[in-house]
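S.K.: Here it is: the structure, laid out below.
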Amino acid sequence: MFSSVEADLISQWRCSLASMPRPTGTAAAVDRITELERLKCAAAAEQAQLSAELEEMTRRERADAGVRKEKQAAGVASQIALARHESPHKGARLLGFSKALVHEMPHTFAALQAGVLNEWRATILVRETACLTREDRQTVDREISGDLRQLRTMGDRELEAAAKRLAYRLDAESVVRRARRAETERTVTIRPAPDTMTYVTALLPVAQGVGVYAALKRAADSARSDGDERSRGQVMADTLVERVTGAPADQPVTVDISLVMTDRSLLGGDDEPALLPGFGLVPAALARDLVAAAIDEGHAWLRRLYTSPATGDLVAMDSRARHFPTGLGRFIHVRDGGRCRTPWCDAPIRQLDHAVRHTDGGTTSGPNGQGLCEACNLAKEAAGWRARPRPGPRHTVETTTPTGHRYRSLAPPLPGAPHPGLSKLELYVTDLILAV
Ligand SMILES: [Zn+2]
């Protein structure tokens, strides 16, 4: 399984940790916790060095093969992400961190290697010096990480403040430039909150952010002074929904959300949760309320999809078309739970991809289709990457990276599956495509 003696050796260390005798007393337990923390730091340093080397080796190999310079490192960050079980986005940040640490911050790297600084604190120093010139960055590196005794006792905030103080002193102008560049990163994101709520977060330039908040607060103040009994927070939230969607907050929004639930949950009062692709599970009772409200407004469409009763895999729909037709696209989106199929990615689906490329004979079909985010779809096109559907309990895609490492992605389980008591396909899951 291991392609090198060293990887095999590291695996043996890991196994030997769990089989060590239990500590004989409290002091021995603390000693061991301390040493393991140092080991984690040293492992992080080694991972950083290996990541930087992986990119250099890949560049050399591709340069020899005549690949253009700007394409030589394509996909390396995704390989690191897969190896570390992280999203490709995080993989890119880890690679950037590794290169800065290894090539530009030798003292910080040495401190990480020695177990004085952990990976997060090293990340703080890399992040806070990202806008500086190489020389200025090295000055911060030397002044903060050069003194291991001082560094050992510094917490996250103290370290961040020390790096900021030095960076402002060395190059105030680049700090301002960095603030301007940050404006290009404005965006809106969504993530689940407890109790079937969601956080919709907008990252905005400070003036706009304060403006949005002030406008919502003003609306709340005036509603409350007119005798509105909702709380200030409730009015602000409702006003946000009304102004963004153009519909009152207590009215269904006419956006297709593709709620998936079993017919037993919809009609029979069963408690099996429904699935909202891109969000996650929704309690059955709440899903029934959503459906009832949408039906009242004439906004509900029912669509039946069938799954294999034994595995919960959706049945495929075939097509000869080059582009994924709407029905098939919707099917893949629902089957993949609205999330990119790259392991550990978690980003929303942006593109429908042929696992085996269309030009290599891949069909436009459910089995050969997968939902990917934009970054993963791009990474997959880099030299040496392959993907293909494989047999599995549910829809499975196997990705092979340029180094020959293989990773499997299994479609998430859908409501209603598996059910050993049922054996015929047509008996099973109803999918409800619903506009609420
Ligand atoms: Zn992705």
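The values are calculated or read from the model by the stated rules, or taken from the named source; none is laboratory data. Everything numeric here is computed off the predicted structure, so don't read it as measured data. Please note: Cβ atoms are built from the backbone with ideal geometry, for glycine as well, and neighbour counts cover all protein chains shown.
S.K.: Within the set of pairs 6 or more residues apart or between chains, which connect a residue that is farther than 14 Å from Thr400 by Cα inside the stretch 371-384 to a residue that is of a type in the set (A, V, I, L, M, F, W, C) and within 8 Å of the ligand (Cβ to nearest atom) with Cβ atoms less than 6 Å apart?
M.R.: Within 6 Å, the pairs are Leu372/Cys340; Cys373/Cys340; Cys373/Ala347.
S.K.: Any residue at all in the stretch 124-145 that is closer than 19 Å to Leu50 by Cβ and in contact (Cβ under 8 Å) with a residue 12 or more places away in the chain?
M.R.: Yes.
S.K.: Also: Identify all residues within the stretch 11-27 that are surrounded by 12 or more Cβ atoms within 10 Å (Cβ to Cβ) and part of a helix (DSSP H, G or I); write none if there are none. Spell out how you get there, then give the answer.
M.R.: First pass over the stretch 11-27, keeping only residues surrounded by 12 or more Cβ atoms within 10 Å (Cβ to Cβ): 11, 23.
Passing the criteria: only Ser11.
S.K.: To continue, here is another question. Out of (1) within 19 Å of Thr262 (Cβ to Cβ); (2) at pLDDT 85 or above; (3) aliphatic (A, V, I, L, M), the odd one out for Leu372 is which?
M.R.: (1)
S.K.: Search the stretch 367-382 for residues being hydrophobic (A, V, I, L, M, F, W, C) and in a helix (DSSP H, G or I), and hand back the single one that is surrounded by the fewest Cβ atoms within 10 Å (Cβ to Cβ).
M.R.: Leu378
Quick grid of which residues meet (1) buried (at least 17 other Cβ atoms within 10 Å of the Cβ); (2) under 30 Å from the mean Cα position of the chain (by Cα); (3) part of a loop (DSSP other than H, G, I, E, B):
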{"residue": "Ala92", "(1), (2), (3)": "yes, yes, no"}
{"residue": "Ser98", "(1), (2), (3)": "yes, yes, no"}
{"residue": "Thr108", "(1), (2), (3)": "yes, yes, no"}
{"residue": "Arg121", "(1), (2), (3)": "yes, yes, no"}
{"residue": "Cys131", "(1), (2), (3)": "yes, yes, yes"}
{"residue": "Arg137", "(1), (2), (3)": "yes, yes, no"}
{"residue": "Gln150", "(1), (2), (3)": "no, no, no"}
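S.K.: What pairs come up if the first residue lies in the stretch 346-358 and is without any contact (Cβ under 8 Å) to a residue 24 or more places away in the chain, the second is surrounded by 14 or more Cβ atoms within 10 Å (Cβ to Cβ), and their beta carbons are under 6 Å apart, counting only those six or more places apart or on different chains?
M.R.: Listed pairs, sorted by first residue: His354/Gly362; His354/Asn368.
S.K.: Answer yes or no: is there a residue in the stretch 55-67 that is closer than 26 Å to Ala382 by Cβ, in a helix (DSSP H, G or I) and touching a helix residue (DSSP H, G or I) at 6+ places or on another chain (Cβ under 6 Å). I'd like the intermediate steps shown before the answer.
M.R.: Looking only at the stretch 55-67, we keep the residues that are closer than 26 Å to Ala382 by Cβ, and these are 55-67.
Right, trim to in a helix (DSSP H, G or I) and you get 55-64.
Remaining after also requiring touching a helix residue (DSSP H, G or I) at 6+ places or on another chain (Cβ under 6 Å): 55, 58.
Checked against the condition, which is being closer than 26 Å to Ala382 by Cβ, in a helix (DSSP H, G or I) and touching a helix residue (DSSP H, G or I) at 6+ places or on another chain (Cβ under 6 Å), the stretch 55-67 yields at least one hit.
S.K.: Next question, about the same structure. Checking Thr403 against (1) over 26 Å from the mean Cα position of the chain (by Cα); (2) surrounded by fewer than 16 Cβ atoms within 10 Å (Cβ to Cβ); (3) in a loop (DSSP other than H, G, I, E, B); (4) modelled with pLDDT of 85 or more, which test does it fail?
M.R.: (1)
S.K.: Take the residues of the stretch 349-366 that are more than 9 Å from the ligand (Cβ to nearest atom) and under 18 Å from the mean Cα position of the chain (by Cα): which is surrounded by the most Cβ atoms within 10 Å (Cβ to Cβ)?
M.R.: Ranking the qualifying residues of the stretch 349-366, first place goes to Leu352.
S.K.: Here's something else I'd like to know. Are there any pairs, at least 6 apart or on different chains, whose C-beta atoms fall under 9 Å, with the first in the stretch 167-190 and touching a residue at least 40 places away in the same chain (Cβ under 8 Å) and the second part of a helix (DSSP H, G or I), and if so, which?
M.R.: Listed by first residue and then by second, the contacts come to Asp171/Asp136; Ser174/Asp136; Ser174/Ala167; Val175/Lys164; Val175/Ala167; Val175/Tyr168.
S.K.: Determine the pairs where a residue that is within 12 Å of Val76 (Cα to Cα), located within the stretch 47-59, has a partner that is not β-branched (Val, Ile, Thr) and not in a helix (DSSP H, G or I) with Cβ atoms under 7 Å apart, the partner being 6 or more residues away or on another chain.
M.R.: Final answer for the pair search is Glu55/Ala73; Thr58/Gln72; Thr58/Ala73; Arg59/Gln72; Arg59/Ala73.
S.K.: State yes or no: is Tyr199 loosely packed, with under 10 Cβ neighbours inside 10 Å and under 30 Å from Pro348 (Cα atoms)?
M.R.: Judged against the criteria, Tyr199 is a match.
S.K.: Taking the condition of being away from the ligand (no atom under 14 Å from the Cβ), assigned to a loop (DSSP other than H, G, I, E, B) and crowded, with 17+ Cβ neighbours inside 10 Å, how many residues in the stretch 68-89 meet it?
M.R.: 3
S.K.: Could I ask something else about it? Name the residue, out of Ala207, Ala215, that is out of contact with any strand residue (DSSP E or B) (no Cβ under 6 Å at 6 or more places or on another chain), at pLDDT below 90, farther than 29 Å from Pro277 by Cα and not in a loop (DSSP other than H, G, I, E, B).
M.R.: Values: Ala215 fails: at pLDDT below 90.
The unique qualifying residue is Ala207.
S.K.: Suppose we keep only residues that are closer than 16 Å to Ala111 by Cβ and touching a helix residue (DSSP H, G or I) at 6+ places or on another chain (Cβ under 8 Å) within the stretch 152-165. Which one would you say is surrounded by the most Cβ atoms within 10 Å (Cβ to Cβ)?
M.R.: Result: Ala163.
S.K.: Sticking with this one: Among the candidates Ala45, Ala110, Ala92, Ala52, which residue alone is under 24 Å from Asp136 (Cα atoms), within 16 Å of the ligand (Cβ to nearest atom) and small (Gly, Ala, Ser)?
M.R.: Ala92
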